[in-house]
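The structure appears below as structure tokens.
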Amino acid sequence: MKADSGADKGTTPNGAGARALVIGPYVPQGGAARARDTAARLMEAVGLAEAIDLDVVGQLPISLNEVRPATYLGKGKVEEIGELVKSKDAALVSMDCQLSPVQQRNLERAWDAKVIDRTGLILEIFGERARTKEGALQVELAHLAYQKSRLVRSWTHLERQRGGFGFLGGPGETQIETDRRLIEERMRRIEHDLDKVKRTRALHRKTRRDVPYPVVALVGYTNAGKSTLFNRLTKAEVLAQDMLFATLDPTLRQIKLPHGARILLSDTVGFISDLPTMLVSAFRATLEEVTLADVVLHIRDVAHEDWEAQAKDVEAILSELGLKGEAEGRILEVWNKIDALDPERLSALQLAVSGIEPQRRPTLVSALTGQGLDALLARIESTLAAGRIRFEMDLDVADGEGLAWLHAHTEVLEREALPEGGVHLVVRIDPERSEGLARRFPQAEMIREAGVGR
């Protein structure tokens, strides 16, 4: 597939070690807090560039009053950055904004360097991090949607007409139409493959429901510590590094809760502000694990200076996925990285949390040290228990098979030896599985319901 040199520059950086400038062109919104936001946004943009091993040789925040249609920036800033590109010998300029194809091309001509915008950079990171076939297909689909948007008629080489050569297109079809058609055909093939993945995932999900193990999904801003928490709870070795988008492909592991119930913990891709729409769309099959989870843990990095804005970005994406309103009761906030706070800040945070009503109260943890994880597991357990039914029964001590069944299919809350040699048990179980328990243990008596159904 042919492409303009500008398109190549915009979507394919020089690779590891390329010298890059990071430019943050932001429209000011007033106030000291917004100024801090600008600094945090530029720091994040630098982190994105470093995530694909670009050598960031300079960074520049720019306060914009208006966006110029031709170059995004004003003429003076374009010239200033051009001089900076030369002095730093930069091969690539990363613009922390969304550029139109025309703006991207004009800036590349003005600076004689490759230009990549925020969407293109995130796509590059996802392209490098995808490890599974599904992840690679999802990224390619998003990348093709991005490439399709880069096909503009101002690219003169795409105006050439070509004769009809069967599959190459009919008479009079321009190069741009051929490129767009080839992209659309590839996108349809990928979407077909992803539909099969989606059906397979649905079958796997049904199999888990038949067991069933509740699913607890971790979500949060990228680099909030989800994978570190996942590893701490599951004793797994999922990639957990201090960099943006360290985890891309979803991972599931089984863990036990305090009273013996088993759950499936799901680690997911990190969210980020201005996450490209085509990525949210492409990863929708994966993100359905989140929408269908019994409990969603929103992991927040309380040590990050922009953590409040990050939370709003995550909530916006969850809302886009349909997780709002009725789902609020199963979304629990987990405030992570308390080990990175000074004692005064930690005390203030603990005081603030104590004033929040219990059902909405965040859990303070350190995934790195393990602090607060017992309380988190107990919170998960109590949330899952809402709607579950308690039964009590006496069991013959010789009924080892029955006891094993109860431990495998219920939460054994209490166990007390009886004088005559049996054992008295209190167990908790999902309503949909209570009939099976009643058939297996006709002596079992219901105690009470623990809330509303999940």
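Here, each number is a calculation from the coordinates, and none is a lab measurement. The model shown is predicted, which means the values in this text are computed figures rather than measured ones. For neighbour counting, all protein chains shown are included, and Cβ atoms are generated from backbone atoms with ideal geometry for every residue, glycine included.
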Q. Roughly how many nanometres apart are two label points built 7 Å out from the Cα toward the Cβ at Glu80 and Ala136?
A. 4.5
Q) Using a basic spin-label model with each label point 7 Å from the Cα along Cα→Cβ, how many nm lie between Val423 and Ala398? A) 1.6
Q.
Could you tell me which residue out of Leu418, Ala444, Pro431 lies farthest along the dipole of segment 389-449 toward its positive end? Charges go on the beta carbon: Lys and Arg +1, Asp and Glu -1, centred on the Cα centre.
A. Pro431
Q) Can you sort Asp294, Asp53 so the residue with the fewest Cβ neighbours within 10 Å comes first? A) Asp53, Asp294
Q.
For a quick check: sort Tyr213, Tyr146 by the number of other beta carbons within 10 angstrom, fewest at the front.
A. Tyr213, Tyr146
Q) Sorted by average packing, counted as other Cβ atoms within 10 angstrom per residue and highest first, what order do 105-112, 223-230, 62-69 take? A) 223-230, 105-112, 62-69
Q: Assuming R0 = 35 Å, can you tell me the calculated FRET efficiency for the pair Met446 and Val353, based on Cβ-Cβ distance, to the nearest 0.05?
A: 0.50
Q: Calculate the dipole size of segment 297-454 relative to its Cα centre from +1 charges on Lys and Arg beta carbons and -1 charges on Asp and Glu beta carbons; express the result in debye to the nearest 20.
A: 220
